[in-house]
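Structure first, then comments.
The values are calculated or read from the model by the stated rules, or taken from the named source; none is laboratory data. This structure is a prediction, so every number in the text was calculated from the model and none was measured. Here Cβ is always computed from backbone atoms with ideal geometry, including for glycine, and neighbour counts include all displayed protein chains. Surface accessibility is based on the protein's heavy atoms, side chains included, excluding ligands, DNA and RNA. Shrake-Rupley method; radii C 1.70, N 1.55, O 1.52, S 1.80 Å.
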Number of protein chains: 2
Amino acid sequence: MKVLVTGAGGFVGREVLRILAQDPSLQVVAVDTGLRGLAASPRLRLLAGNITDESVREAAVGDGVDALVHLAAVPGGAAEMDPAASRRVNIDATLDLFDGVAREGRRPRVVFASTIAVFGDTLPPGGVDDSTPLAPRLIYGAHKAMIETMLSTLHRRGAVSGVSLRLPGIIARPKGPSGMKSAFMSNLFHALREGESFVSPVSPAATIWLMSVQQVALNLVHALRVDDARIPAERALTLPALRIGWSDLIAEVARQTGAPSSTVSFEPDAALEEAFGAYPPLSTPAAERAGFAHDGDTATLVARALEQIARL
Amino acid sequence: MKVLVTGAGGFVGREVLRILAQDPSLQVVAVDTGLRGLAASPRLRLLAGNITDESVREAAVGDGVDALVHLAAVPGGAAEMDPAASRRVNIDATLDLFDGVAREGRRPRVVFASTIAVFGDTLPPGGVDDSTPLAPRLIYGAHKAMIETMLSTLHRRGAVSGVSLRLPGIIARPKGPSGMKSAFMSNLFHALREGESFVSPVSPAATIWLMSVQQVALNLVHALRVDDARIPAERALTLPALRIGWSDLIAEVARQTGAPSSTVSFEPDAALEEAFGAYPPLSTPAAERAGFAHDGDTATLVARALEQIARL
């Protein structure tokens, strides 16, 4: 089975590659603009390039693939700053890539990394469940929702077997600029682990949805093999996530790193507080029935995030 | 008030121009690749060109508009034959046009002609109402659904005041190739009016949704002025339509044209019968509350279609 992974050099992509490497039946093609530190092998082909480039897409798809994990994207904050760049990658190159993998007629499984931003920049206060209407406000969320529509259409047409997974906040991202507004969630881990002070841009009362990068990678890989019949007709699933109080998360990170919680102070930013301060209840029975999962509990989530940072 | 109309040379666009011409407070810019037979006036500027051409979009938008009626599209059958052409017009040029009219910050009303094809190529047998999930299968329907998403996003962002209207089958189209699979509905009128025989590609038992071009133009013009608050949050409305038995429609056209109904024979085409043979019940309370309407009854619908053909 030949699997193409885009955005493979990103922090989620690397974790997906790590899991795929454990399955000797797979041939993997990994594409990204940056693949530093990854080592090619007889079962892992590395392809440096941008999927906006037709020749890169052609080289990636080659004579066809059995599955695509499409992670490459202009992320939320960056898309908001440069909507044209978001269109080039998150719409145009994505549609071209879907056409490319469908062309050979092998009906490949296409796993698309969508986002909870399809529900809006502020989530519905009453909660999100499997019947919550999409109402994106950010460019990123709108473009992801548009691709969900096209992927479900291509599925209905029999061109691909499509699964869109709506990802919550993922930790821990690498330090430094990511283009994601949610980067502060990961920076908490980096700071406390390194004994640095951390200024939180949201208040202690904030409530967020989180998933470790290990868990999101497990979910993406699960989506590669899950039976078509277990995915609802709209072909898009909101992933389960732990709903955690920000102060509880800080306490657990402090406990596991041994950092005094006095290193954390709060200077809430109005925009971030509105966007991330009050994630409502989340109910995801469709994804759970299909075998997708969250990290289980806060201690596991934090341990995984710290384990992953240690590997970076 | 300055109104830009794309697809203005089409059969719907011409009817929209006719209504707009009755309002002396309007300045209208009419854009299309073909504008034959239309006459410019101090209040009507004609602009020949394709909206895929940036210079045409720039000339059309000029120093800003107060409203856009966006009718230009690669239609259903043609989009299915050439998905790349559909992307260029129905996605790329449409998104560029929306950005163009939003740029001046006047928050223009944008009226977007969407389609009942967003519900699938075969409609849900249980009926369509305001909560029916979108499930396009045709390229045309998918692209229209994607633009509905972006228009609602631009509305939420305050960039435009958006209204998507999902149009049912419109009669009567001009004779000849239209790129629409539903063209046979109009050809019935042309044939019986001219005393020609008509071979129906759907059975007498077929049930369809129809609206006259006059009525759809009234609805599009109504959408230019309707209060924002009367449009639901998703900013998309399925228009009311008459649900008519095909044999009843044939009988009424025969009655009004004086054609013997013996001139109609039936050779059902499996694909057309599946697509158009069994339109389910249609319920559109949201659009009706917002002041949109269908033709009232079959006799009025047929009379309007014949009146319009006489004008062609």
Computed E for A:Ser41/A:Asp227 - FRET, C-beta separation, R0 35 angstrom, nearest 0.05: 0.75
Label position 7 Å from Cα toward Cβ: report the copy-to-copy distances for A:Arg43 in nm, one decimal, ordered from shortest. 7.3
With θ set to phi - 60° and the Karplus curve 6.51 cos²θ - 1.76 cosθ + 1.60, what are the ³J(HN,Hα) couplings of region B:297-312 in order, to the nearest whole Hz, using x for Gly and Pro? 7, 5, 4, 5, 4, 5, 4, 5, 4, 5, 4, 5, 4, 4, 7, 5
With label points set 7 Å from each Cα along the Cα-to-Cβ direction at A:Ala59 and A:Ser262, the distance between them in nm comes to 5.5 nm
According to a simple spin-label model (label point 7 Å from Cα along Cα-to-Cβ), what is the distance in nm between B:Thr33 and B:Glu104? 2.7 nm
Between A:Ala84 and A:Glu274, the two model label points (7 Å from Cα along the beta-carbon direction) sit apart by a distance in nm of 2.7 nm
Amide H to amide H under 5 Å from A:Ala72: which residues, 5+ apart in sequence or cross-chain, H placed 1.01 Å off N in plane? A:Thr6, A:Gly7
Using θ = phi - 60° and the Karplus curve 6.51 cos²θ - 1.76 cosθ + 1.60, what whole-Hz ³J(HN,Hα) does each residue of region A:156-164 get, with Gly and Pro shown as x? 4, 7, x, 6, 9, 10, x, 9, 9
Quick check on region A:1-124: of the DSSP beta bridges with both residues there, what percent are antiparallel, nearest 5%? 5 percent
Would you mind getting the accessible area per residue of region A:1-103, heavy atoms of the protein chains only, 1.4 Å probe, in Å²? 40 Å²
Buried accessible area between B and A (1.4 Å probe, both chains summed, ligands and nucleic acids excluded), in Å² to the nearest 100? 2000 Å²
Dipole moment magnitude, nearest 20 debye, the protein assembly as shown about Cα centre, only Lys, Arg, Asp, Glu C-beta charged: 420 debye
List the lysines whose alpha-carbon lies under 20 Å from that of B:Lys144, not counting same-chain residues fewer than 8 positions away? A:Lys144, B:Lys181
Run the label-point distances for A:Thr300 please: 7 Å along Cα to Cβ, every other copy, nanometres, shortest first. 6.2
Could you work out [θ]222 nm for chain A from helices alone, using -39500 (n - 2.57) per DSSP H run of at least four and dividing by all its residues? Round to the nearest 500 deg cm²/dmol. -11000 deg cm²/dmol
Quick one: which residues, 5+ away or cross-chain, put their amide H under 5 Å from the amide H of A:Gly120? H built at 1.01 Å from N. A:Ala135, A:Arg137
Using a loss threshold of 10 Å², tell me which positions in region B:147-181 are less accessible in the complex than in their chain alone. Probe radius 1.4 Å, ligands and nucleic acids ignored. B:Thr149, B:Met150, B:Thr153, B:Arg156, B:Arg157
Identity and axial distance of the chain B residue whose Cβ lies nearest the axis relating B to A, Å: B:Met146, 2
With point charges of +1 on the Cβ of Lys and Arg and -1 on the Cβ of Asp and Glu, referenced to the Cα centre of region B:187-275, which listed residue (B:Gly245, B:Ile231, B:Val213) lies farthest in the positive direction of the dipole? B:Ile231
Place a +1 charge on the Cβ of each Lys and Arg in chain A and a -1 charge on the Cβ of each Asp and Glu, then give the dipole magnitude about the Cα centre in debye, rounded to the nearest 20. 760 debye
Chain A: antiparallel DSSP beta bridges as a percent of all, rounded to 5: 10 percent
Label points for A:Phe266 built 7 Å along Cα→Cβ; distances to same position in the other copies, nm, shortest first, come to 7.2
Net charge near B:Pro108, counting Lys/Arg +1 and Asp/Glu -1 over other residues with Cβ under 13 Å of its Cβ? +1
Helix B:183-193 versus the longest principal axis of chain B: what is the Cα-based angle in degrees, 0 to 90, to the nearest 10? 60 degrees
Which FRET efficiency value, to the nearest 0.05, is calculated for A:Ile19 and B:Ala251 with the Förster distance at 45 angstrom and r the Cβ-Cβ distance? 0.10
